[in-house]
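Heads up, the thing below is written out as structure tokens.
The values are calculated or read from the model by the stated rules, or taken from the named source; none is laboratory data. Small disclaimer: the values here were computed from a predicted structure and weren't measured. So basically every Cβ, Gly included, is an ideal-geometry build from the backbone, and we count neighbours across all protein chains shown.
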Amino acid sequence: MIRIENLYKRFGRLQVLEGVNFQIEEQGVVAVLGPNGSGKTTILKTILGMVLPQEGEIYFDNQPVLNNWDYRNRIGYMPQIARFPDNLTVRELIEMIKNIRDVDANEHALIERFGLESSMDKKLGQLSGGTKQKVNIVLTFMFDSPLLILDEPTAGLDPVSLIRLKALIQEEKEKGKTFLITTHIMSLVEELSDQIVFLLEGQIFFQGSVQELKDQTGQKNLEHSIAKILESDA
Ligand code: ADP
């Protein structure tokens, strides 16, 4: 579905990606992990065409993405920090995004699922961070996109909403969708991810299953596996 070849990205003098290669062939959940600043968001934004690499090629369903932006209609993107206009209501924002995308949307079940009914006529500027994040989830999942890119989707969510989000991702994965997710929540990675892509020093340090990462690091627990990689790198 996605193939990334030899990606290099530098911001000024800061070399963030130094020859990143990986591919995602089938449905399932891929967790993109790595220390802060390792380039996780940069990779996601490069796939979306929001960041242009100095070198390298990205293919979506075997087509190079550069100057060929139609593929973006098949991606749902949940940004890490969604900036919404403060004076719109939740209802108005959802309608606005539906008009922009102009494809079928199914928001009602999601609004109910995340308990947003009573917030629909509130202005976005009045909402808590967690409620805004739930709105962000509705906006991302209401379209039937085969690929969903979620950048720290759990930020600010309460435990009940976190459980609901995990169940939603699981259901969508079973329907055949592909997810690329960055997260600090290791339970999400352990419970949902089929594959981990671990970024370190601008390159893919590890790609494989949670179990393979545990085996490689000799740890029983994912958090400890990751700590071991980071400590030996320090
Ligand atoms: P991560 O998601 O792994 O925390 P990012 O991809 O957000 O990392 O950022 C990688 C590095 O690139 C960081 O040091 C960040 O400050 C820098 N960076 C990201 N975007 C920009 C930008 N637009 N301009 C300058 N530096 C940037």
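Show me the strands (runs of 3 or more DSSP E) entirely contained within the stretch 21-89 in which 2 or more residues are under 27 Å from A227 (Cβ atoms).
The qualifying strands (runs of 3 or more DSSP E) are 28-33.
Looking at (1) touching a residue at least 12 places away in the same chain (Cβ under 8 Å); (2) assigned to a helix (DSSP H, G or I); (3) over 30 Å from A227 (Cα atoms), which one does I100 not meet, given that it meets all the others?
Among (1) touching a residue at least 12 places away in the same chain (Cβ under 8 Å); (2) assigned to a helix (DSSP H, G or I); (3) over 30 Å from A227 (Cα atoms), the lone unmet condition for I100 is (1).
Determine the pairs where a residue that is more than 23 Å from E191 (Cα to Cα), located within the stretch 31-43, has a partner that is of a type outside the set (G, A, S) and more than 6 Å from the ligand (Cβ to nearest atom) with Cβ atoms under 6 Å apart, the partner being 6 or more residues away or on another chain.
From residues that are more than 23 Å from E191 (Cα to Cα), the pairs are S38/L199; G39/L17; G39/L199; T42/K9; T42/V51.
Regarding R10, is this residue away from the ligand (no atom under 11 Å from the Cβ), in contact (Cβ under 8 Å) with a residue 24 or more places away in the chain and of a type in the set (K, R)?
Criteria not met by R10.
Of the residues K166, K220, which is surrounded by fewer than 19 Cβ atoms within 10 Å (Cβ to Cβ) and in contact with a Leu (Cβ under 7 Å, 6 or more places away or on another chain)?
Of the residues listed, the single one that is surrounded by fewer than 19 Cβ atoms within 10 Å (Cβ to Cβ) and in contact with a Leu (Cβ under 7 Å, 6 or more places away or on another chain) is K166.
What about R113, is it more than 16 Å from the ligand (Cβ to nearest atom), basic (K, R) and out of contact with any helix residue (DSSP H, G or I) (no Cβ under 9 Å at 6 or more places or on another chain)?
no
So, of the residues in the stretch 44-72 that are of a type in the set (S, T, N, Q), surrounded by fewer than 16 Cβ atoms within 10 Å (Cβ to Cβ) and touching a strand residue (DSSP E or B) at 6+ places or on another chain (Cβ under 9 Å), which turns out to be nearest to I169 (Cα to Cα)?
By that ranking, first place goes to N62.
Has the stretch 78-91 got any residue that is within 16 Å of the ligand (Cβ to nearest atom), of a type in the set (S, T, N, Q) and buried (at least 19 other Cβ atoms within 10 Å of the Cβ)?
no
Just one of V32, V16, V103, V20 is closer than 27 Å to M142 by Cβ and either within 15 Å of the ligand (Cβ to nearest atom) or touching a Gly at 6+ places or on another chain (Cβ under 6 Å) (or both); which is it?
Only one candidate qualifies: V32.
Looking at (1) crowded, with 17+ Cβ neighbours inside 10 Å; (2) modelled with pLDDT under 95; (3) closer than 30 Å to D70 by Cβ; (4) not hydrophobic (A, V, I, L, M, F, W, C), which is the only condition S225 fails?
Of everything listed in (1) crowded, with 17+ Cβ neighbours inside 10 Å; (2) modelled with pLDDT under 95; (3) closer than 30 Å to D70 by Cβ; (4) not hydrophobic (A, V, I, L, M, F, W, C), S225 misses just condition (3).
If you take the residues in the stretch 34-73 that are basic (K, R) and at pLDDT 90 or above, which one is farthest from I97 (Cα to Cα)?
K40
Please give the helices (runs of 4 or more DSSP H) falling wholly within the stretch 115-234 in which 1 or more residues are aromatic (F, W, Y) and either within 18 Å of the chain's Cα centre (by Cα) or closer than 30 Å to D61 by Cβ (or both).
129-141
What number goes with the only condition from (1) within 22 Å of E201 (Cβ to Cβ); (2) hydroxyl-bearing (S, T, Y); (3) more than 16 Å from the ligand (Cβ to nearest atom) that T46 does not pass?
Against the list (1) within 22 Å of E201 (Cβ to Cβ); (2) hydroxyl-bearing (S, T, Y); (3) more than 16 Å from the ligand (Cβ to nearest atom), T46 comes up short only on (3).
Surrounded by fewer than 19 Cβ atoms within 10 Å (Cβ to Cβ), more than 11 Å from the chain's Cα centre (by Cα), more than 17 Å from E5 (Cβ to Cβ) and away from the ligand (no atom under 16 Å from the Cβ), is that true of G37?
no
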